[in-house]
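Engineer: Below you will find the structure I want to go over with you.
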Amino acid sequence: MTIFSQLPAGAQRGETAKDPSGMMLSRRGFCLCCVVATGFAATGGWLTPSEAFAEARNLVDVFRDEAAKAKITTHKLRGKVSVLEGSGGNIAVLTGPDGKVFIDAGITGTRPRIMEAANRLSREPITHLINTHWHFDHTDGNEWLSQEGASIIAHENTHKHLLSATRVEDWDFTFPSSSLAAVPTDIFSDEKTLKLNGQTLHLKYYGPAHTDSDISVTIGEADILHCGDTFWNGLYPFIDYSTGGSIDGTIAATEANLAAISKTTIVIPGHGNPVSNRAELTEYRDMLKSIRDNVAKLKQQGRTVEEAVNAKPTSAFDEKWGKAVISPEFFTRLVYHGV
C-alpha cells in the first residue's frame, strides 16, 4: 500500500524497516502496518503497535484513508473465480448468472477500486458475501457490500464479534461493534453448502484456529480452497489468542486444509501471495510445527519468554517467513503464549 512512501532514515522503498520493538514492516504484510506507518508519519519515528493505536484516535478512519490509495491486483484463476489482492485480506470473487459472490470484504477505503476490478470481471450484481472470520481487514467492507445487495454469510462467532465490541490484547485495541448492515445475517455453526454460478461452495468451521471464527470455503467444481487466515503464504501468521486462537489450533486447521485438497487444488491464503498450492501449504504446516516444538522445548526447560526469544527458535525459517510485519521475535512470543 502507498502508506510506505515515507520510511525511516536508511530504509529504501521496497525494503523492510524495523520499529523500536523489533517488529519488521514491509509493503506486503498484515493490515496493522497501516496504523504503524501512520504513527511514523505523524511523529517522525516508528511506533510499537500499542503506541500506534494510541496515536490513531479513529482507527477505522485511518484504515479507510490509507486503503483509498491502495492498488488492487486481479488474479484470474479458473471456474470464473478470481482473487483481488490489495485490500486487507485476499478477496475471492466468483462470477456468474446468480450474481457475484465475494469471499471476504477487505477494507472499506478500497471500495472504488474493488468495484472497478469486480466490474471488469463481469457486470452481474453482488449477491453474496462470505466472511472467513471476524477480523477487520476481512470484514470492514461488509457494510458497503450489504448496501450493494450482498447477503452476508459467516460463522456464528463472526456474527458475535461484529455485533459487540471486541478487544485484541496483542494490538492493545478494542474494536467497536459494527453497524447492523455489516453484521452477517446468514450464520451457521459447523458446515453449510451453497450452489451458486455452477459451483458447489462448501463452508466448514475449523474450530478455534487463527481465531474462534475461522471457516474454509471450498469451491468444488473449480477445485479451489480459500483458507482465510489459517494460511499466511510466505509470512509468519498472527494468532489472535484474545478471540480463541492458538498455535495448536492453527496447526490443526492447516492439517485439515491439507486433508481436503490434492496436488491440483488452487489454494487461496488470507495473506501473502494469493495464488498457492499444496506444496506451499505443506511447507507452511512444517514450519509451524517445527517452531511450535522448538518453543515448547524452551518453555519446558523453564526459559522465560525473553530467554526464548533470545534463543532464536525460528532462525531456520526467518529468511523466508520472517520479513513481514509479524517478526521472528513477535511470532516467538505468540507461540510461547500457546505452548
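Engineer: Among the numbered criteria (1) farther than 23 Å from residue 103 by Cβ; (2) part of a helix (DSSP H, G or I); (3) not acidic (Asp, Glu), which one does residue 282 miss?
Structural biologist: If we test residue 282 against (1) farther than 23 Å from residue 103 by Cβ; (2) part of a helix (DSSP H, G or I); (3) not acidic (Asp, Glu), just (1) comes out false.
Engineer: Examine the range 179-188 for a residue that is free of Cβ contacts under 8 Å to residues at least 24 places away in the same chain, of a type in the set (A, V, I, L, M, F, W, C) and in contact with a Leu (Cβ under 9 Å, 6 or more places away or on another chain), and state whether such a residue exists.
Structural biologist: Looking for residues that are free of Cβ contacts under 8 Å to residues at least 24 places away in the same chain, of a type in the set (A, V, I, L, M, F, W, C) and in contact with a Leu (Cβ under 9 Å, 6 or more places away or on another chain), one finds at least one in the range 179-188, hence yes.
Engineer: Please go through (1) farther than 25 Å from residue 167 by Cα; (2) in contact (Cβ under 8 Å) with a residue 24 or more places away in the chain; (3) surrounded by fewer than 17 Cβ atoms within 10 Å (Cβ to Cβ) for residue 305 and return the number of the only condition it doesn't satisfy.
Structural biologist: Failed condition: (1).
Engineer: Consider residue 212 carefully, then state whether it is surrounded by fewer than 17 Cβ atoms within 10 Å (Cβ to Cβ), over 23 Å from residue 94 (Cα atoms) and within 19 Å of the chain's Cα centre (by Cα).
Structural biologist: Taking the combined requirement at face value, the residue does not satisfy it.
Engineer: Strands (runs of 3 or more DSSP E) wholly in the range 84-179 with at least 1 residues that are more than 22 Å from residue 192 (Cα to Cα) - which ones?
Structural biologist: Of the strands (runs of 3 or more DSSP E) lying wholly inside the range 84-179, those with at least 1 residues that are more than 22 Å from residue 192 (Cα to Cα) span 166-168, 173-175.
Engineer: Here is a check on your reading of the model: is residue 248 modelled with pLDDT of 95 or more, in contact with a helix residue (DSSP H, G or I) (Cβ under 9 Å, 6 or more places away or on another chain), surrounded by fewer than 23 Cβ atoms within 10 Å (Cβ to Cβ) and among the acidic types (Asp, Glu)?
Structural biologist: It is true that residue 248 is modelled with pLDDT of 95 or more, in contact with a helix residue (DSSP H, G or I) (Cβ under 9 Å, 6 or more places away or on another chain), surrounded by fewer than 23 Cβ atoms within 10 Å (Cβ to Cβ) and among the acidic types (Asp, Glu).
Engineer: Quick one: residue 172 ticks every box in (1) on the phi < 0 side of the Ramachandran plot; (2) surrounded by fewer than 17 Cβ atoms within 10 Å (Cβ to Cβ) except a single one, so which number is it?
Structural biologist: Of the numbered conditions (1) on the phi < 0 side of the Ramachandran plot; (2) surrounded by fewer than 17 Cβ atoms within 10 Å (Cβ to Cβ), the odd one out for residue 172 is (1).
Engineer: Scan the range 298-339 for residues that are among the aliphatic types (A, V, I, L, M), within 21 Å of the chain's Cα centre (by Cα) and in a helix (DSSP H, G or I) and report the count.
Structural biologist: From the range 298-339, those among the aliphatic types (A, V, I, L, M) are 298, 305, 308-309, 311, 316, 324-326, 334-335, 339; that's our starting set.
Next, from what is left, pick out any that are within 21 Å of the chain's Cα centre (by Cα): 324-326, 334-335.
The next check asks that each one be in a helix (DSSP H, G or I); those that pass are 334-335.
Adding up the residues that qualify gives 2.
Engineer: From 218, 230, grab the single residue that is polar (S, T, N, Q), touching a strand residue (DSSP E or B) at 6+ places or on another chain (Cβ under 9 Å), in contact (Cβ under 8 Å) with a residue 12 or more places away in the chain and under 24 Å from residue 124 (Cα atoms).
Structural biologist: Exactly one residue qualifies, and that residue is 218.
Engineer: Would you check which residues across the range 216-258 are among the acidic types (Asp, Glu) and over 15 Å from the mean Cα position of the chain (by Cα) and list them?
Structural biologist: Within the range 216-258, 221, 223, 248, 255 qualify.
Engineer: Counting only residues that are assigned to a loop (DSSP other than H, G, I, E, B) and of a type outside the set (S, T, N, Q), which one in the range 180-198 is nearest to residue 79 (Cα to Cα)?
Structural biologist: 198
Engineer: Right, residue 156: charged (D, E, K, R) and closer than 20 Å to residue 100 by Cβ or not?
Structural biologist: No; evaluated as a whole, the condition is false for this residue.
Engineer: Follow-up question, since we're still on this one. I'd like the residue in the range 208-261 that is part of a helix (DSSP H, G or I) and either charged (D, E, K, R) or in contact with a Pro (Cβ under 6 Å, 6 or more places away or on another chain) (or both) and, out of all such residues, is farthest from residue 170 (Cα to Cα).
Structural biologist: By that ranking, first place goes to 255.
Engineer: For the range 178-200, how many residues are farther than 30 Å from residue 222 by Cβ and touching a strand residue (DSSP E or B) at 6+ places or on another chain (Cβ under 8 Å)?
Structural biologist: The total comes to 0.
Engineer: Now a separate question. Quick check on the range 92-125: of everything there that is touching a His at 6+ places or on another chain (Cβ under 9 Å) and among the acidic types (Asp, Glu), which residue is surrounded by the fewest Cβ atoms within 10 Å (Cβ to Cβ)?
Structural biologist: 98
Engineer: Another question, if that's okay. Taking the criterion of being surrounded by 22 or more Cβ atoms within 10 Å (Cβ to Cβ), among the β-branched types (Val, Ile, Thr), at pLDDT 95 or above and within 16 Å of the chain's Cα centre (by Cα), would at least one residue in the range 259-282 satisfy it?
Structural biologist: Checked against the condition, which is being surrounded by 22 or more Cβ atoms within 10 Å (Cβ to Cβ), among the β-branched types (Val, Ile, Thr), at pLDDT 95 or above and within 16 Å of the chain's Cα centre (by Cα), the range 259-282 yields at least one hit.
Engineer: Among the residues of the range 100-110, is there at least one that is out of contact with any Leu (no Cβ under 9 Å at 6 or more places or on another chain), at pLDDT 95 or above and at negative phi?
Structural biologist: No, the range 100-110 contains no residue that is out of contact with any Leu (no Cβ under 9 Å at 6 or more places or on another chain), at pLDDT 95 or above and at negative phi.
The values are calculated or read from the model by the stated rules, or taken from the named source; none is laboratory data. Note that this is a predicted model, so its numbers are computed, not measured. All Cβ positions, glycine included, derive from the backbone under ideal geometry; neighbour counts span all protein chains shown.
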